[in-house]
Amino acid sequence: MSFLAPGFLIAAAVAACGIVALHLIVRRRPRATPFPTARFVPDEPVAARKRAINLSDLLLLLVRVLAILLVGAALARPVIAGVRKNIIRVFAADVSGSVASIGEVRDSVRSAHKAGDVVIAFDTVARVVSTPDSLVGGGAAGNQLPGSLSAGLIAAMRAGSSLRARADSVELVIVSPATEDEGDRATSAIRSVWPGRVRLVRVAAARHSKAQTASAVAFAGAERPAFAVAQNRIDTVGAVIAGGHVVVAPFERRWRFIADSLGQARVIARWVDGQPAAIEKDSGGACTKSVLVSVDSTGDIALRPDFIAFRNAIAAPCRRAQSGADTGLAVLLAGRSERLASTGSLPAAVDGRSMVARWMILAAIVLAIVEMVLRRPRVGRTEDK
Amino acid sequence: MYGQILDSVRGLRWRARRPSRLAMPGIHQSRVRGTSAEFTEYRPYRAGDDLRRVDWKLFARSDRAHVRISEERAVTPTWIIVDASASMNFPEGPGSKWALAQQLTVALVAVAHAGGDPAGVMVAGHPRATIQPRARRGAVTEVIRMLHDIPVAGASPLSACLALASRATPRIAIVSDFLGDLEETMRVGREIIASGRDVYALHVVASEEIDPPGSVSLVSDPEAGDVRRSVTSRTRGGYLQAYADWREETAARWLASGAAYRVIVTGAEPVGHAVRRIVHS
């Protein structure tokens, strides 16, 4: 266990020493003895300083010292993680159809991977894998659709937040061809949230020349669509993003895509929290678009210009897969910062450290109650002190 | 415990310090001249004398009428007032002032009872703890049983008991440390003595009061909780002097009022010796 603010622990130790000293050196009035002829004793002050080591109160002393030390340790922000590292890398490995060879991606990740690093595989969606070898043979290996860098960045952001207790800095390594069709209008905004530099390892891109056009757009309504399942808990999302068009409104999210449908699809719109809101999927020579965004007919949201632009972006023809030519996306991903992202600057996540502190505070409260129980009979016994 | 004490006082007689005005037959000298067998003197017959008291043989020899005068013997009912205030419960244990007071009371009741005098006990502060003066058998046992159950606590005014006991009793003994209402007790005592009755002031003192042990540092009055004093090397001398002066003054005032005053110190002498000093005063 280590402490992020050891000063509190030192202060608690000093306070505990003070309590021990006060326990051993006490100023008290000696116990009065009944004496019928006390009235004949000349009246003088009866206070006396007495130095005593009271062995009978060791339990009370122990409880007090423990309570103080627990409070100090809780304020010192204890960390139960193992050895804290200076740098931990988060690899966002592209395993989508934009990549010519997944093995190349795996080798690139493996060459820089060290124990404790986090590997994220992303295509149209992202997931954390245990080792670089897990990148090959995954469910998305046969996917011919381009990946979503936005999904990879969001997953990397979450992974970085969970690393606050384990490292001082986080380096994000994106292993991807970074073709133009892997980015969207949200990529820039998501990238700007990452507080440090990003290392982009370019791998060879697959070649696609076939243009596709949208043949059908299916919107989810009150009834469950075939491509979605009901949410475990209906929630409200504040915005949805598609093709650089953002619609800010309280959308009720009732459905989510079936996991199998995401494997062969490309995300064309996302909820503001990064979850897919619309996908397009190859269907022979055309493609089908599935949209989970439902609009309340009683409102005016359907008439708003931003929603009209959003709707047009959804209804636009399917994207054309492009070759791996250099684009501005690589520059965008690299960013301007030269420094690594500090874990402290990443959003905090609930981790074991705060829980340990809470348990310590709880234990201190229990000890305080025990101290009161132990002290009560003592006060009654020595009322003249 | 009481068996040994009662053995030690067997045969003692508690004589009245002055002739009794009562005419009840007993062992004490009476002021009343009567017709008992103990002849004292002759007196010339006066009109109105009882003819049965005329000594007819002397009249035959001297041709003058004389009546026989003899002394009467009276009994002396006795009240023993015992102080059961908190100050008597010192030091705690069998050597306390209260234990000594119990033993003195039982012994005095036994001595009075042996002389045919009715003896009663009144515990100050405990109105129900009273045994009226009586001379019948079992009186001593009754007193022992009553004193055994008395709680020793609080502050008990002696003066009220003294006034109550003095109504028709020629002899009153007070067993106390006199640390309570001494002034009022003395005032009532003086009135009782002035009316021709005997008062015995039996001052019970603990040896620890005369010479406090060195372990005592802070002391408090058990009957006045706000009185707290520190016994140090500086204050010890002052205490010894003040307490000795008070005892001396108390003794002088009791004696000056005409009472029989005795100091009994715990552990200083057997109870039988103390009782012997009391009844011979």
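Laboratory data are not the source of any read-out in this text; all were calculated from the coordinates shown. Keep in mind that this is a model prediction, so the values were computed, not measured. Methodologically, a virtual Cβ is constructed for each residue, glycine included, from the backbone with ideal geometry; neighbour enumeration extends over all protein chains shown.
If each DSSP helix of 4+ residues adds -39,500 (n - 2.57) and the sum is divided by the residues in chain B, what number results at 222 nm, nearest 500 deg cm²/dmol? Present the calculation step by step, with values, prior to reporting the outcome.
Values: 9 runs with 100 residues, N = 281.
Taken over chain B, the calculation gives -11000 deg cm²/dmol.
With θ set to phi - 60°, apply the Karplus curve 6.51 cos²θ - 1.76 cosθ + 1.60 along the stretch B:130-147 and write out the HN-Hα couplings as whole Hz, x wherever there is a Gly or Pro.
9, 10, 5, x, 8, 10, 6, 5, x, 5, 5, 4, 5, 5, 4, 5, 5, 5
To the nearest 20 debye, what is the magnitude of the charge dipole of chain B about its Cα centre, counting +1 on the Cβ of each Lys and Arg and -1 on the Cβ of each Asp and Glu?
The calculated dipole for chain B is roughly 1480 debye.
In a GNM of chain B with a 10 Å cut-off on Cα contacts, which of B:Thr76, B:Thr105, B:Thr169 has the highest mean-square fluctuation?
Looking only at B:Thr76, B:Thr105, B:Thr169, the largest GNM fluctuation is found for B:Thr169.
Need one word for the stretch A:64-133: rounded, prolate or oblate. Basis is the Cα gyration tensor (sqrt eigenvalues a ≥ b ≥ c); a/c below 1.5 gives rounded, then a/b vs b/c decides.
Numbers: a/c = 5.63, a/b = 3.27, b/c = 1.72.
Since a/c reaches 1.5 and a/b is larger than b/c, the shape of the stretch A:64-133 is classed as prolate.
Can you run phi through the Karplus equation (6.51, -1.76, 1.60; θ = phi - 60°) for the stretch A:221-237 and list ³J(HN,Hα) in whole Hz, with x for Gly and Pro?
Karplus-based 3J(HN,Hα) across the stretch A:221-237 equals x, 6, 8, 5, x, 5, 8, 9, 10, 6, 5, 4, 9, 5, 10, 10, 10 Hz.
For the stretch B:94-248, give the magnitude of the charge dipole about the Cα centre (Cβ charges: +1 Lys/Arg, -1 Asp/Glu; no others), in debye to the nearest 20.
Roughly 460 debye, rounded to the nearest 20.
With equal scatterers on the alpha carbons only and no solvent term, can you work out the Debye log10 of I(q)/I(0) for chain B at 0.10 1/Å?
Result of the Debye calculation: -0.59.
Taking all pairs of distinct Cα atoms, average 1/r, flip it, and tell me the Kirkwood hydrodynamic radius of the stretch B:200-276 in Å to one decimal place.
For the stretch B:200-276, the Kirkwood estimate is 14.3 Å.
Where a Cα-Cα gap under 18 Å defines reach, which aspartates and glutamates qualify for B:Lys97, not counting those fewer than 8 residues away within the same chain?
By straight Cα distance, B:Lys97 reaches B:Asp83, B:Asp149, B:Asp177, B:Asp181, B:Glu208, B:Glu209, B:Asp211, B:Asp221, B:Glu223, B:Glu269.
Using the charge dipole of chain B (Lys, Arg: +1 at Cβ; Asp, Glu: -1 at Cβ; taken about the Cα centre), state which of B:Ser87, B:Ala110, B:Val204 has its Cα farthest towards the positive end.
Looking along the dipole axis, the top candidate is B:Ala110.
Given 0.36 nm per residue, what is the gain on full extension from A:Arg127 to A:Ala259 after removing their alpha carbon distance, in nm?
46.3 nm
Which Cα, out of A:Phe122, A:Ser98, A:Asn86, lies furthest along the positive dipole direction of the stretch A:68-122 (beta carbon charges, K/R +1, D/E -1)?
Towards the positive end, the residue furthest out is A:Asn86.
Within 10 Å of each candidate Cβ there may be at most 15 other Cβ atoms; applying that plus a DSSP loop requirement, which trypsin sites (Lys or Arg not before Pro) in the stretch B:83-147 survive? Working shown, then result.
On the way: sites: B:Lys97, B:Arg128, B:Arg134, B:Arg136, B:Arg137, B:Arg145; in loops: B:Arg128, B:Arg136, B:Arg137.
Passing both the DSSP loop test and the Cβ count: B:Arg128, B:Arg136, B:Arg137.
Using a Gaussian network for chain B with springs between C-alpha atoms less than 10 Å apart, which of these wobbles most: B:Arg262, B:Arg53, B:Arg15?
B:Arg53
Per residue of B:237-247, what is the mean number of Cβ atoms on other protein chains within 10 angstrom of that residue's Cβ?
Values: counts 1, 5, 7, 2, 2, 5, 4, 1, 1, 3, 2.
The shielding value for this peptide is 3.
Pick from B:Ile210, B:Ile80, B:Ile172: which is most flexible by mean-square fluctuation in a GNM of chain B where alpha carbon atoms under 10 Å apart are linked?
B:Ile210
Other chains' Cβ within 10 Å of B:179-186 residues: what's the mean?
Partner Cβ neighbours, averaged per residue: 1.
Using just the C-alpha positions of the stretch B:51-163 as equal point scatterers, what log10 of I(q)/I(0) does the Debye formula give at each q in 0.13, 0.14 1/Å?
Result of the Debye calculation: -0.56, -0.61.
With a/c under 1.5 counting as rounded, go ahead and sort the stretch A:218-270 into rounded, prolate or oblate using the C-alpha gyration tensor (a ≥ b ≥ c being the square roots of the eigenvalues; past the cut-off, prolate if a/b is larger than b/c, else oblate). Display every interim value, and only then the final one.
Working: a/c = 1.96, a/b = 1.15, b/c = 1.71.
Since a/c reaches 1.5 but b/c is at least a/b, the shape of the stretch A:218-270 is classed as oblate.
As a test, work out the antiparallel percent of DSSP beta bridges whose residues both lie in chain B, rounded to the nearest 5.
Restricted to chain B, the bridges split so that about 45 percent are antiparallel.
Excluding same-chain residues fewer than 8 positions from A:Lys114, which aspartates and glutamates have a Cα within less than 20 Å of its Cα?
Within the straight-line cut-off, A:Lys114 pairs with A:Asp94, A:Glu104, A:Asp133, A:Asp168, A:Glu171.
With charges only on Cβ, +1 for K and R and -1 for D and E, what is the dipole size of the stretch A:219-317 about its Cα centre, in debye, rounded to 20?
That gives the stretch A:219-317 a dipole magnitude of about 140 debye.
Averaged across B:220-232, how many Cβ atoms of other chains sit within 10 Å of each residue's Cβ atom?
That average works out to 6.
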